[in-house]
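A short worksheet on the structure shown next.
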Amino acid sequence: MTRFYHILSLAAAVASVFLSSADALSIADTTTSPQKHVTTSPSSRRTFVQFGIVAATASTSVTSNAVDAQFKEVGQQERPPEGELPFTTLSNGVQIKDFRQGTGSATVQKGSKVELTMKGRLLNLNGVIFYDTKINDPNGFGEGTPLTFTVGDKTVLPGLEDGIIGMSKGGIRRVIVPAEVGYGAFPSLEPQPFTEMERRALDSVVRNPRRDQTVMFDCKVERLK
């Protein structure tokens, strides 16, 4: 819906420029040749508007294709870009990739109490964000509130739990969770969206069996016990 309004706004702006140009031509012709007044017909105006809409749509299509390419094969690269490590696929289909190793000897295991700052994206919707711990900010300081849970207590998606096993404090990992161990099988488990807009985005995927319900989380371990 947001993209639709963006297209309309862009089309209106482009059309306005073309219409202004047409009117300027009419005025200029009248100034140089008082005996000959040129006006812009309704059909000409329609042509300018149609041209503006086509231009706006083409521009939006290019932007959309760029976004699509970013998430089209996430986790499936045959050759990781710029020497990055490839994703590791676990036995349940969860894919993980570390972006930063944590510190300390303690690692996340079953029974560990962890605090995660994280962001969740819907791969089926070109990476639309549906969860962000920074939004959960009851004190208004802009720091957000980490997701806190005990691994294995069955309050969090099992795919996410499996994906953070082995992490240490300060570590950052990308976790791709398929539907079978994610919202497709456990729609009521954490993490759950904080805003109505994020809720609608998640529901549009989870409640539609024809859509790929795979989600991606970028996680950082803030605390670990």
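Every number here is computed from the coordinates shown, using simple stated rules; none is lab data. Note that this is a predicted model, so its numbers are computed, not measured. Note that each Cβ is placed from the backbone with ideal geometry, even for glycine, and that neighbours are counted across all protein chains shown.
So which trypsin sites (Lys or Arg not before Pro) in the stretch 135-211 are both in a DSSP loop and have at most 14 other Cβ atoms within 10 Å of their Cβ?
Lys154, Arg207, Arg210
Considering only DSSP states other than H, G, I, E and B, which chymotrypsin sites (Phe, Trp or Tyr not before Pro) in the stretch 139-225 qualify as loop sites with at most 14 other Cβ atoms within 10 Å? Show your work: numbers first, answer last.
Numbers: sites: Phe141, Phe149, Tyr183, Phe194, Phe217; in loops: Phe141, Tyr183, Phe194.
Sparse-neighbourhood loop chymotrypsin sites (Phe, Trp or Tyr not before Pro): Phe141.
What does the charge dipole of the stretch 165-221 about its Cα centre add up to, to the nearest 20 debye, if the Cβ of each Lys and Arg holds +1 and the Cβ of each Asp and Glu holds -1?
Charge dipole, the stretch 165-221, about its Cα centre: 140 debye, nearest 20.
If every alpha-carbon in the stretch 117-225 counts as one equal scatterer, what log10 I(q)/I(0) does Debye give at q = 0.17, 0.19, 0.20, 0.24 1/Å?
Results for the stretch 117-225 at q = 0.17, 0.19, 0.20, 0.24 Å⁻¹ read -0.78, -0.98, -1.08, -1.49.
Are there GluC sites (Glu not before Pro) in the stretch 146-225 that DSSP marks as loop and that have at most 11 other Cβ atoms within 10 Å, and which are they? Mind dumping the intermediate values first?
Numbers: sites: Glu161, Glu180, Glu196, Glu198, Glu222; in loops: none.
Nothing satisfies the criteria.
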